[in-house]
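What follows draws every value from the coordinates through simple rules; no lab data is involved. Values in this document were obtained by computation on a predicted structure and should not be read as measured data. Ideal geometry is used to build each Cβ from the backbone, glycine not excepted, and the neighbour counts take in all protein chains shown.
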Amino acid sequence: MEWVALLLLFFFLCVLLNLLLPQPPQSRWRRRLGRSTRRVTARLRRPAVPDPDPFDTLRLQTRLGHLAGEIRRVESARMYAKAHRLMALEAAYDDLLDEACRLAGVPADADRKRDEAKRWHEEQELASRGWSW
């Protein structure tokens with residue numbers, strides 16, 4: 001058991017010396033191997049997903065608030081073609097909810113039919129992530 005501890009100590013000291021001592025120039029085949037491994041790892045690595053622009057998020061929240069207000073106004077008013085207007089407003093609201101869920105990182109339920117339950121679920125997911133409108 002003592003030999004394992006000595007072996008680990010030896011490797012630790014070798015790594016420390018490697019870090020402290022100046023490195024000699026690399027040979028041509030080592031540089032070529034390094035470039036090719038960096039290319040392969042770059043292909044295999046997933047591209048970094050940039051953070052969403054906070055102003056895009058703010059614009060989207062403002063649009064959601066505006067459409068929610070319009071839906072409430074149309075529901076409470078007596079007007080011509082009320083059902084048609086409500087369907088159009090709710091479709092626009094659902095599209096904005098989908099975009100907001102994409103920006104917030106909410107997993108998409110593509111197999112679910114668009115209805116009140118899905119809309120409520122998406123609103124709750126966004127609210128739990130700090131969104132308000």
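Just a few scattered comments:
- Computed over the range 1-77, Kirkwood Rh from alpha-carbon pairs, angstrom: 19.5 Å
- Subtracting the Cα-Cα distance of residue 66 and residue 27 from their residue separation scaled by 0.36 nm leaves 7.6 nm.
- For the chain, Kirkwood radius (reciprocal of mean inverse C-alpha pair distance, Å): 20.6 Å
- Tilt relative to the chain, helix 54-76 - C-alpha long axis, 0 to 90 degrees, to 10: 20 degrees
- With only the Cα atoms considered, the range 56-106 has a convex hull volume of 61 Å³ per residue.
- Calculated [222 nm] ellipticity per residue, helices only, for the chain: -24500 deg cm²/dmol; basis is -39500 (n - 2.57) per DSSP H run with n ≥ 4, divided by all residues, nearest 500.
- Just checking the listed ones, 30, 114, 85: in the Gaussian network model of the chain with Cα springs under 10 Å, the one fluctuating most is 30.
- If you plug the beta carbon distance of residue 58 and residue 80 into 1/(1 + (r/R0)^6) with R0 = 35 Å, you get a FRET efficiency near 0.50.
- Largest mean-square fluctuation among 68, 81, 104, in a Gaussian network model of the chain whose springs join Cα atoms under 10 Å apart, belongs to 81.
- Of 100, 61, 80, farthest towards positive along the dipole that unit charges on Lys, Arg, Asp, Glu beta carbons give the range 56-106: 80
- Summed residue charge, Cβ within 14 Å of residue 45's Cβ, Lys/Arg positive, Asp/Glu negative: +4
- Computed from Cα atoms, the angle from the helix 2-20 axis to the main principal axis of the chain rounds to 80 degrees.
- FRET efficiency, residue 37 to residue 102 (Cβ-Cβ, R0 41 Å, nearest 0.05): 0.75
- Förster-model FRET efficiency, 41 Å R0, residue 6 and residue 48, C-beta, rounded to 0.05: 0.45
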